[in-house]
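Chemist: Can you keep this structure in mind? I'll have questions shortly.
The values are calculated or read from the model by the stated rules, or taken from the named source; none is laboratory data. Small disclaimer: the values here were computed from a predicted structure and weren't measured. FYI the Cβ positions are ideal-geometry reconstructions off the backbone, even for glycines, and counts take in every protein chain you see. Heads up: the accessible areas ignore ligands, DNA and RNA and are worked out on the full protein's heavy atoms, side chains in. Shrake-Rupley method; radii C 1.70, N 1.55, O 1.52, S 1.80 Å.
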Amino acid sequence: MRVQLRGLRTLALGATALTALTAGSAQAQDAAPADNGQIEEIVVTALKRSTTIQTTPISISAVTEKSLQSLGASGIQDYFRTVPNLQVDGNSPTNRRLTLRGVRSAGEATVGLYYDETPLTGPAGTTADASSTSADVNLFDVERVEVLRGPQGTLYGSGSMGGTLRVILNKPNSDSYSGAIETQATTTKGGGPGYSVKGMVNIPLIENKLGARAVLYKAEQDGYVDDVLLNKKDINEQHTSGGRLMLGFTPTDTLTFTGTALFQKTKLDGQNNWYPAVGEYKTNARVIAPTSDNLRMYNVTGKWDLGFATLTGTSSVYKWDLLRNSDYSPTLSANRTNATSCRNYIAGAPPAFGAPANPACTSAQMTQYTAYADSRTPGALYQPMGLKSWNHELRMNGALFADKLDWTAGVYYEDRSDYIESQVPLADAATGVVIKPLNLGAWRHVGTDTQQTALFGEATYKPIEKLSLTVGVRHFDYDKTVSGQVLISNFVTQSYVGPAAEVDASAKGWVSKFNASYQVNSDLMIYALAAKGFRPGGANNVPGLASALLAYSPDSLWNYETGIKSQWFNRRLTLNAAAYQIDWSNMQISATSANGAFGFLTNAGKARIKGLELEAVARPMQGLTINATAAFVDAKLTESQANSTVLISGSTGLAGDEFPNVAKFSGSAAVEYSWPITDAFNGLVRADYAYVGESASQFRPTYVYYEKQGDYGYANLRAGIEGTDWGAYAFVNNLFDEIGLMSVTSALNNKQSAVSLSPRTAGLSLRKRF
């Protein structure tokens, strides 16, 4: 099977190269063909005003509602590989990291994630790593997804140093009734059946004035990972339910209001990761670790056409409750004979600051400590966490001097608070289930409060008809306070009860953007830009951490880019390309405490990322659409990740090391053909293929926990019949049942842990609009 897949991969890569002038991408597959065979333009609002993809002088892709349906996409995992340089790590409610152009590290998010006007940021947790958690709201009844590559700091702020992902929801219509329903049934190899049911209804409450749109959905996805130690099958079943209610009010022709209430609950019954040494999709974890999230988001947006400009005001609040959970038994067992843990356990507390170490353990005392450590296993790292954020923006955009000058200016405010209760309870050795009420062997609380204000503006001037010059700036001012306290000592991993502690970090500064574009003709545009991105700094709250490491600084980067957007053969072919270089300084990096039990952030090192993105679409004949993407990334450190307090060790990234978890090459291709069967309905067949190149889990190839991952390709196949307002489809995802190791890590005892593609999944899908 591996040989066959490598042959398919080689064939696909060759096809990508040969069809670089006749193939397409996410932007391509989103483009619905016009009646004359031309590829229609897609209107986007990436610049906070309406433009088309081909006239927007940045690297941008858009996945429309039709494309999401063609892909059978319900979440980000279903479409992200069709977008050049978009990467998603992790596949659970509390572990999902977004990366664009290889700009990846722990800390605040590097990709801004927006649902309409609301930016959603994950909780910081115990390691200040908000970027590790990204919301994934079901994509049913979504108008489009926009992916903006490169820093978008002037318009979208601090979370967008690598780019921005925007999910645009379908809005209420006050003119007419409409509805939709979609059902799906699946079966997964090595697992079992699953299903989903989704529905939408749009009701005009007052004609041309007030409309309501409601969406509800529920999905059950069977698992495929088996715990051979606990004799439990399919432990990673997933359950999702949610919906939203939107009201659209248009009191006058120039004034509109849209209110949104959105909720979604997701539960994963057990861990997705498995251990290759135990077997494919097998684990011998001693704890079954369910994870969950509960998201509630509320937004009101108003738009007022003033004639000379449009004033937009938006206010959001969201609450996000999560449970992060994992088997902590290996960490506890690894420290069962630790000398420092033993001496402090016997003494009942660590020595006072500056005092000599507690006496070393005798043989009998070590036996006593080891028995205590063993009594705390099996144990879970059980972490309830939550976040509440208020986000407000007021902006105005318009045009001056006979449309020679387009401008946008605004103000933004964010007030975000999150917490985590990091606990280590006992689990039942026979079932692996955490015992309730919790029997705690450790408890640490960490809270993070962030306030941020910003002023921003962007202007585009056309000195001559075809030339556009853009300048953008943003001034940011933030304050972040991290507080924490150990409430129950963990003598095994050396976390001890102490007074509450608080650390404050704040900063202010500017980011900017410069862009020049030239519209050669109606089918060809070239552009060049330079843009700065940044992330706020913050503070660590880690037991026993040196005072010099408590606060960490902001990091920033400059992105230099040139691109071309073109259409050929009477707009039957679209070909877009962008080349870029990113210089990243004062990087926020993840480090580990001396005893290996706690993570923290610090600043060290510089990096340079060079890359090329290609995306295209071809419609060589009526009914046939060909799509492809290609992304090349060369991401390396230019300065070692060490400083005066973080010394070079086996895991330290050194100058010249390649970025972990970033593949040098990735690409995708798709062919879709539709043809009339009768006057009432058409036939449809679609094939998708995606490839992800090899990457590593760590910077240093000589590090003991260095692992290889990636280097896999997989295919999806979909066929069906569809009419004007209905469709019936059969599909197979991961057609050749490729394992596809998305992530491979190793830690204590060199035990490999893998997260992979889902096994081959077949299903039937029905949809109806009315």
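Chemist: Would you confirm whether any residue within the stretch 321-328 is in contact (Cβ under 8 Å) with a residue 24 or more places away in the chain, out of contact with any strand residue (DSSP E or B) (no Cβ under 7 Å at 6 or more places or on another chain), not in a strand (DSSP E or B) and not basic (Lys, Arg)?
Modeler: No, because not a single residue in the stretch 321-328 is in contact (Cβ under 8 Å) with a residue 24 or more places away in the chain, out of contact with any strand residue (DSSP E or B) (no Cβ under 7 Å at 6 or more places or on another chain), not in a strand (DSSP E or B) and not basic (Lys, Arg).
Chemist: Within the stretch 508-538, which residues are touching a helix residue (DSSP H, G or I) at 6+ places or on another chain (Cβ under 8 Å), under 30 Å from THR127 (Cα atoms) and open to solvent by less than 50 Å² (accessible area, probe 1.4 Å)?
Modeler: VAL511, SER512, ALA531, GLY533, PHE534, ARG535, PRO536, listed by residue number.
Chemist: Further question: From LYS198, LYS233, LYS265, LYS189, which residue is closer than 24 Å to LEU323 by Cα, over 22 Å from the mean Cα position of the chain (by Cα) and not polar (S, T, N, Q)?
Modeler: Going through LYS198, LYS233, LYS265, LYS189 in turn, just one is closer than 24 Å to LEU323 by Cα, over 22 Å from the mean Cα position of the chain (by Cα) and not polar (S, T, N, Q): LYS233.
Chemist: For the stretch 597-608, state whether one or more residues are at pLDDT 85 or above and open to solvent by 30 Å² or more (accessible area, probe 1.4 Å).
Modeler: yes
Chemist: Shifting gears a bit: Taking TYR369 as the residue in question, decide whether it is modelled with pLDDT of 95 or more, of a type in the set (Phe, Trp, Tyr), buried (at least 17 other Cβ atoms within 10 Å of the Cβ) and outside any helix (DSSP H, G or I).
Modeler: no
Chemist: Quick one: THR314 ticks every box in (1) closer than 30 Å to ASP227 by Cα; (2) touching a strand residue (DSSP E or B) at 6+ places or on another chain (Cβ under 8 Å) bar one, so which box is it?
Modeler: The single condition THR314 does not satisfy is (1).
Chemist: Could you go through the stretch 627-648 and let me know if any residue there is within 17 Å of SER67 (Cβ to Cβ), assigned to a strand (DSSP E or B) and either more than 23 Å from the chain's Cα centre (by Cα) or charged (D, E, K, R) (or both).
Modeler: yes
Chemist: Further question on the same structure: Look through ASN570, ASN541 and report the one residue that is open to solvent by 10 Å² or more (accessible area, probe 1.4 Å), at positive phi and either in contact (Cβ under 8 Å) with a residue 24 or more places away in the chain or touching a Phe, Trp or Tyr at 6+ places or on another chain (Cβ under 7 Å) (or both). Working first, answer last.
Modeler: Working: ASN541 fails: at positive phi.
Within the list ASN570, ASN541, the selection yields ASN570.
Chemist: Having 1 or more residues that are more than 25 Å from GLU613 (Cβ to Cβ) and open to solvent by 20 Å² or more (accessible area, probe 1.4 Å) is the bar; report the strands (runs of 3 or more DSSP E) wholly within the stretch 67-167 that clear it.
Modeler: Per the criteria, 95-100.
Chemist: Just wondering, is there one or more residues in the stretch 443-453 that are free of Cβ contacts under 8 Å to residues at least 24 places away in the same chain and open to solvent by 20 Å² or more (accessible area, probe 1.4 Å)?
Modeler: No, that holds for no residue.
Chemist: Further question: Give the residue that is nearest to the chain's Cα centre (by Cα), with candidates limited to residues of the stretch 383-427 that are of a type in the set (Phe, Trp, Tyr) and over 24 Å from ASP479 (Cα atoms).
Modeler: For the stretch 383-427, the residue satisfying everything is TRP407.
Chemist: Still on this model: Within the bounds of the stretch 728-747, is there any residue that is touching a Gly at 6+ places or on another chain (Cβ under 6 Å), buried (at least 17 other Cβ atoms within 10 Å of the Cβ) and not aromatic (Phe, Trp, Tyr)?
Modeler: No, the stretch 728-747 contains no residue that is touching a Gly at 6+ places or on another chain (Cβ under 6 Å), buried (at least 17 other Cβ atoms within 10 Å of the Cβ) and not aromatic (Phe, Trp, Tyr).
Chemist: Now for a different question. Tell me yes or no: at least one residue of the stretch 549-561 is of a type in the set (D, E, K, R), in contact with a Phe, Trp or Tyr (Cβ under 6 Å, 6 or more places away or on another chain) and modelled with pLDDT of 95 or more.
Modeler: Yes, the stretch 549-561 contains a residue that is of a type in the set (D, E, K, R), in contact with a Phe, Trp or Tyr (Cβ under 6 Å, 6 or more places away or on another chain) and modelled with pLDDT of 95 or more.
Chemist: Provide a single number: the residues in the stretch 491-505 that are crowded, with 22+ Cβ neighbours inside 10 Å and either touching a helix residue (DSSP H, G or I) at 6+ places or on another chain (Cβ under 9 Å) or hydrophobic (A, V, I, L, M, F, W, C) (or both).
Modeler: The initial filter retains those residues of the stretch 491-505 that are crowded, with 22+ Cβ neighbours inside 10 Å, namely 491-495.
Okay, now just the ones that are also either touching a helix residue (DSSP H, G or I) at 6+ places or on another chain (Cβ under 9 Å) or hydrophobic (A, V, I, L, M, F, W, C) (or both), so 491-494.
Adding up the residues that qualify gives 4.
To keep it simple, each residue is scored yes or no on (1) in contact with a helix residue (DSSP H, G or I) (Cβ under 6 Å, 6 or more places away or on another chain); (2) surrounded by 22 or more Cβ atoms within 10 Å (Cβ to Cβ); (3) at pLDDT below 95.
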position	(1), (2), (3)
MET621	no, no, yes
ALA630	yes, yes, no
VAL633	no, yes, no
SER640	no, no, yes
LEU647	no, no, yes
GLU672	no, no, no
GLY683	no, no, no
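Chemist: Within the stretch 711-725, can you find the residues that are at pLDDT 95 or above and not acidic (Asp, Glu)?
Modeler: Once the filter is applied, which keeps residues that are at pLDDT 95 or above and not acidic (Asp, Glu), the stretch 711-725 yields TYR712, GLY713, TYR714, ALA715, ASN716, LEU717, ARG718, ALA719, GLY720, ILE721.
Chemist: Taking the stretch 671-724, which residues are touching a residue at least 60 places away in the same chain (Cβ under 8 Å) and part of a loop (DSSP other than H, G, I, E, B)?
Modeler: Answer for the stretch 671-724, where residues must be touching a residue at least 60 places away in the same chain (Cβ under 8 Å) and part of a loop (DSSP other than H, G, I, E, B): just PHE699.
Chemist: Between a first residue in the stretch 430-441 that is within 15 Å of GLN383 (Cα to Cα) and a second residue that is polar (S, T, N, Q), which pairs have beta carbons less than 6 Å apart while being 6 or more apart in sequence or on different chains?
Modeler: Note: pairs meeting the criteria are LEU440/GLN423.
Chemist: While we're looking at this one, here's another question. Examine the stretch 611-623 for a residue that is among the basic types (Lys, Arg), under 20 Å from PRO660 (Cα atoms) and assigned to a strand (DSSP E or B), and state whether such a residue exists.
Modeler: First, the residues of the stretch 611-623 that are among the basic types (Lys, Arg): 619.
Among the residues that remain, those that are also under 20 Å from PRO660 (Cα atoms) are: none.
No; the residues of the stretch 611-623 include none that is among the basic types (Lys, Arg), under 20 Å from PRO660 (Cα atoms) and assigned to a strand (DSSP E or B).
Chemist: Sticking with this one: Would a scan of the stretch 239-251 turn up a residue that is at pLDDT 95 or above, of a type in the set (D, E, K, R) and open to solvent by 20 Å² or more (accessible area, probe 1.4 Å)? Steps first, please.
Modeler: Of all residues in the stretch 239-251, those at pLDDT 95 or above come to 239-251.
Right, trim to of a type in the set (D, E, K, R) and you get 244.
Those left that are additionally open to solvent by 20 Å² or more (accessible area, probe 1.4 Å): none.
For the stretch 239-251, residues at pLDDT 95 or above, of a type in the set (D, E, K, R) and open to solvent by 20 Å² or more (accessible area, probe 1.4 Å): absent.
Chemist: Moving to a separate point now. Which condition number does GLY313 fail, the rest of (1) in contact with a Leu (Cβ under 7 Å, 6 or more places away or on another chain); (2) open to solvent by less than 20 Å² (accessible area, probe 1.4 Å) being met?
Modeler: Going through the list (1) in contact with a Leu (Cβ under 7 Å, 6 or more places away or on another chain); (2) open to solvent by less than 20 Å² (accessible area, probe 1.4 Å), GLY313 breaks only (2).
Chemist: Name the residues in the stretch 573-592 that are out of contact with any Ser or Thr (no Cβ under 7 Å at 6 or more places or on another chain), surrounded by fewer than 18 Cβ atoms within 10 Å (Cβ to Cβ) and either aliphatic (A, V, I, L, M) or at pLDDT 95 or above (or both), would you?
Modeler: The answer is GLN581, ASP583.
Chemist: Suppose we filter the stretch 442-476 for residues that are touching a Lys or Arg at 6+ places or on another chain (Cβ under 6 Å) and modelled with pLDDT of 95 or more; how many remain?
Modeler: Here the count works out to 5.
Chemist: Just for the stretch 258-310: of the residues that are within 30 Å of GLY248 (Cβ to Cβ) and of a type in the set (Lys, Arg), which one is most open to solvent (accessible area, probe 1.4 Å)?
Modeler: Ranking the qualifying residues of the stretch 258-310, first place goes to LYS265.
Chemist: When you scan the stretch 338-354, do you find a residue that is open to solvent by 50 Å² or more (accessible area, probe 1.4 Å), in a strand (DSSP E or B) and aliphatic (A, V, I, L, M), even just one?
Modeler: No: zero hits.
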